[in-house]
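Structure first, commentary second.
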Amino acid sequence: MISQVAAGVYSYLPLAWRVLKKIENIIRDEMDKAGGQELNLPVLQPLELWQKTGRDHVLGQALFTLTDRRERKLALGSTHEEVITKLVGHNVQSYRDLPLLLYQIQTKFRDEPRPRGGLIRVREFTMKDLYSFDVDEEGLDQSYNKMLQAYRNIYARCGLPTIVVEADSGAIGGKISHEFIVIAETGEDEIIYCSQCDYAANTEKAESIKGTIAGGEPLPAEEVSTPGMATIEEVSGFLKIPNNRTLKAVFYIADGELVFVLIRGDLEANDTKLKNALHCFELRMATESEVIEAGIVAGSASPVGISGIRVVADDSITSGTNFVAGGNKPDTHLRNVNYPRDFKAGIIADIALARAGEGCPKCEGKLQSTHGIEVGHVFKIGTFYSEKLGAFYIDAGGASQPIVMGCYGIGLGRLMAAAVEQNHDDKGIIWPLPIAPYHLYLCPLHREGSKVKEVAENLYAELEAEGLEVLFDDRQESPGVKFNDADLLGIPIRVTISPRTLEKDSVEIKQRSEKEPQLVLLAEAVTKLKELTARGTRSS
Ligand SMILES: [Zn+2]
């Protein structure tokens, strides 16, 4: 179906291309029904546009850039907010010109650091991206809801059950965004959801109830000797206290600057939340030598009395009293550390990773987790791009206002890959009928002197005339080879004609999703196959 050309770069062979075209048609149809207008924007874009929004830095090395023969810098579009905002800014004058829903289905480029999973994370891919332009937030809400419904329709028509989760906005920006997730064990996204209410979020964004820790009235801080104890487990074990009575220090490098991250001992920092809190472009854990070089006592670092370094704390540090923290001296910790009495933090925010078993932020329920593949992402962007790129309109009162934007993306290849992840068995793919490369696999089993060939060719012509899509396996191969290939390719309905079925004036019909075949009279075969195909399209 696909063939790798380079890391994250693929050729699509005829069967996969048919699937992609079907997905594309479903998407186009739903975008048009929702009021979208299709256009086409260039892949090759002046880097200057990206510099105006600062997204050349946000994307960093993920943005493919090149220099032309006149030494002008160009970028290969990874999304099209800049180009389309400029276009709309030029053409929209008044509130009467809005709202607008503009979309394209086109190739995008991203220099992913770790292309993986076949089509899941690639460097060149086809994406449908729609951009909405409205006069205000209320208009944006309407456009956003229209798109949420259109997306639900698309996945339903592709035969792919999805869930909608809250997500981080990442490089696109804006405050509110949602992802459509196909649940799959192999998925690289972790989803946190509540079993009692509809709360669901990507783990990058998910929140949880951290609970309060009964620590009693604040007591005077005191040093305690902890010989050889460095990790939270060692310290809490040695002092015979639970992890949640300790404060953990973790060090990160944010855009080249060493940052002190403080969080309750039973919790872990969430890199995405931390990046958002710090407003930085690049974030990674500091190495041990970077920490030591900065004069910090590794294993015993403390926010108490530290200076010359930014301290970012999770809001869990306010969830209790009398914590144990580092002592900024080897083999020493401090008991009864209390915020804000004993230390300050430059930023206090929710920077913790929500985990299964913790409390739901919306109800009394417990959170659970699962894995999935993101197959769509929608964003309420607001006015970030319109303000940077000068996309304004004149309102009814004659005042100039920035256009309020949303953006909505679906990767087509990824959707196809997710469909395979969700619909297969150990023999191969089981395509949902609406996106299957063909509806029927016509499989004549030849024998010299039999009428199989003639019957198969007549049936093929009849089915084609009825508008059914037939993959005609007229190879001279054994039944075993043909059946294996049929299962592997996953065409929804297999039709076998052999001397044995013809003895009963019949053909054998087997659905890929079912175990047992059935014999159907040749005279009734076309009607039966039309019915099965129509049912497959409807049921999705
Ligand atoms: Zn809940």
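Couplings 3J(HN,Hα) of the range 94-101, computed from phi: 10, 4, 5, 7, 10, x, 9, 10 Hz, in residue order, whole Hz [Karplus 6.51 cos²θ - 1.76 cosθ + 1.60, θ = phi - 60°; x for Gly and Pro]. If the label point is 7 Å along Cα→Cβ of A171, which residues in the range 95-138 have backbone nitrogen under 13 Å from it? Under cut-off, by backbone N: 108-115, 122-125. Estimated at the nearest 10 Å², the accessible area of E462 is 100 Å² with a 1.4 Å probe. Stretching I241 away from H90 to a fully extended chain increases their span by 48.0 nm, per 0.36 nm per residue minus the current alpha-carbon distance.
The solvent-accessible area of C197, taken with every protein chain present and a 1.4 Å probe, is close to 40 Å². For the chain, the C-alpha radius of gyration divided by 2.2 N^0.38 Å, with N the number of residues, is 1.22. Residue order by solvent-accessible surface for E223, E421 is E223, E421, largest first, with ligands and nucleic acids left out and a 1.4 Å probe.
If the segment from S11 to R70 were pulled out straight at 0.36 nm per residue, it would be longer than the present Cα-Cα gap by 18.1 nm. Rounded to the nearest 20 debye, the dipole size of the chain about its Cα centre is 400 debye, using +1 on the Cβ of Lys and Arg and -1 on the Cβ of Asp and Glu. Taking every protein chain into account, the accessible area of the chain amounts to 47 square angstrom per residue (probe 1.4 Å).
Provide R264, R96 ordered by accessible surface of protein heavy atoms (probe 1.4 Å), highest first.
R96, R264
The residues neighbouring D350, those whose beta-carbon lies less than 14 Å from its own, together hold a net charge of -3 under the Lys/Arg +1, Asp/Glu -1 convention.
Scaling the Cα radius of gyration of the range 1-103 by the globular reference 2.2 N^0.38 Å produces a ratio of 1.36.
Between K344 and N145, how high is the FRET efficiency from 1/(1 + (r/R0)^6) when r is the Cβ-Cβ distance and R₀ = 60 Å? Nearest 0.05.
0.90
For the range 405-506, which whole percent of the accessible surface, found with a 1.4 angstrom probe, sits on carbon and sulfur atoms? C and S fraction of accessible area: 46 percent. Would you please state the base-10 log of I(q)/I(0) at q = 0.16 1/Å for the range 67-134, with intensities from the Debye formula using one equal scatterer on every alpha carbon? Computed log10 I(q)/I(0) values: -0.73. For a paramagnetic label modelled on S400 (point 7 Å from Cα along Cα→Cβ), amide N atoms under 18 Å away belong, within the range 76-95, to 85-95. The simple Förster model, with R0 at 41 Å and r as the Cβ-Cβ distance, assigns D255 and K33 a FRET efficiency of 0.40. With 31 Å as the limit on Cα-Cα distance, the pairs of K22/K482; K146/K515; K205/K248; K146/K510; K275/K344; K108/K248 that go past it are K146/K515; K146/K510; K108/K248.
Placing +1 on the Cβ of every Lys and Arg and -1 on the Cβ of every Asp and Glu, with nothing else charged, gives the range 56-108 a dipole about its Cα centre of roughly 160 debye. The calculated P(r) of the range 100-183, using every Cα pair and 5 Å bins from 0, goes 3, 11, 15, 24, 26, 14, 6, 2, 0 in percent. Fully extending the segment from N25 to Q106, taken as 0.36 nm per residue of separation minus the present Cα-Cα distance, adds 27.8 nm. Over all projection directions, the Cα-based convex hull of the range 212-251 averages an area of 3.7 nm². When the chain is described by a simple charge dipole with +1 on each Lys and Arg Cβ and -1 on each Asp and Glu Cβ, the residue from F109, Y339, A286 located farthest towards its positive end is F109. When nucleic acids and ligands are ignored and a 1.4 Å probe is applied, S195 ends up with an accessible area of around 70 Å². Model label sites at D505 and E234, defined 7 Å from Cα along the beta-carbon direction, differ in position by 8.6 nm.
The values are calculated or read from the model by the stated rules, or taken from the named source; none is laboratory data. None of these values were measured; they are calculated from a predicted model. Positions of Cβ are backbone-derived with ideal geometry, glycine not excepted, and every protein chain shown enters the neighbour counts. Please note that ligands, DNA and RNA were not included when accessible areas were found on the heavy atoms of the full protein model with its side chains. Shrake-Rupley method; radii C 1.70, N 1.55, O 1.52, S 1.80 Å.
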